[in-house]
């Protein structure tokens, strides 16, 4: 599908502190566009996102929200430009559209980032899927995965304003990266890509440029990945959820080391490592 809108925009000349006042410079900014996700012409959620990889976003969002079980459950997907944003127009196959319609009848209020369509506190705190995988990684592999992610973010290099989520595989390295102004959106886009790829999520690692909130762990569990590595720290609830889901949570992953919060049995330390 063609991109319905550019991912960057030019800002007017801006003054930079320390530069001569007679030398204004331009800057490229990341676009942030309202994206309406509709099913059977009914709006489920409106998210602010970078207008790139939107087919992946539609599929990954639908998977992570539990609206579908595979990409083939979406019978039709259209990207429809609107005056105020972009509509991701989907029709679901089989009885999934009827099930979604019944679910929507029970929703009582607006939804928020990462927890769209929740009906109650109990549903928001639902137990995550349990991930089971025999994957084991060395400290060198984890460092290599994070280094590869840092080098594979063209949109962030241009704008300095985007998060990234990537999938790293022990045999092939960094297989895919998706960028967005929102960290949840980047992971949804990556989930959509994985759902259409030949890779098994259990065989690789999800790598993030952001902190780890509970929604990021829940999405990782839904994707089925056993190892989540992030540059920043997790929240306490994210750590408890990762433990419950069987996910190896590695965070504060920097050039000088990383910290393992849960299920450290998948990390094999065969070489000296300083962990701050």
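Screening 149, 155 for residues that are crowded, with 17+ Cβ neighbours inside 10 Å, over 25 Å from residue 245 (Cα atoms) and in contact with a strand residue (DSSP E or B) (Cβ under 6 Å, 6 or more places away or on another chain) leaves exactly one candidate, 155.
With respect to the stated conditions, residue 235 fails to be touching a strand residue (DSSP E or B) at 6+ places or on another chain (Cβ under 9 Å) and under 17 Å from residue 129 (Cβ atoms). Tell me, yes or no, whether region 97-113 has at least one residue that is modelled with pLDDT under 95 and closer than 21 Å to residue 178 by Cα. So far as region 97-113 goes, yes, one or more of its residues are modelled with pLDDT under 95 and closer than 21 Å to residue 178 by Cα.
Restricting attention to strands (runs of 3 or more DSSP E) lying wholly within region 200-264, give those where 1 or more residues are out of contact with any helix residue (DSSP H, G or I) (no Cβ under 8 Å at 6 or more places or on another chain) and surrounded by fewer than 24 Cβ atoms within 10 Å (Cβ to Cβ).
Numbers: elements: 205-208, 227-230, 248-254, 257-262.
Hits in region 200-264: 248-254, 257-262.
The values are calculated or read from the model by the stated rules, or taken from the named source; none is laboratory data. Quick caveat: nothing in here was measured; it's all calculated off a predicted structure. Note: ideal-geometry Cβ built from the backbone for every residue, glycine included; neighbour counts use all protein chains shown.
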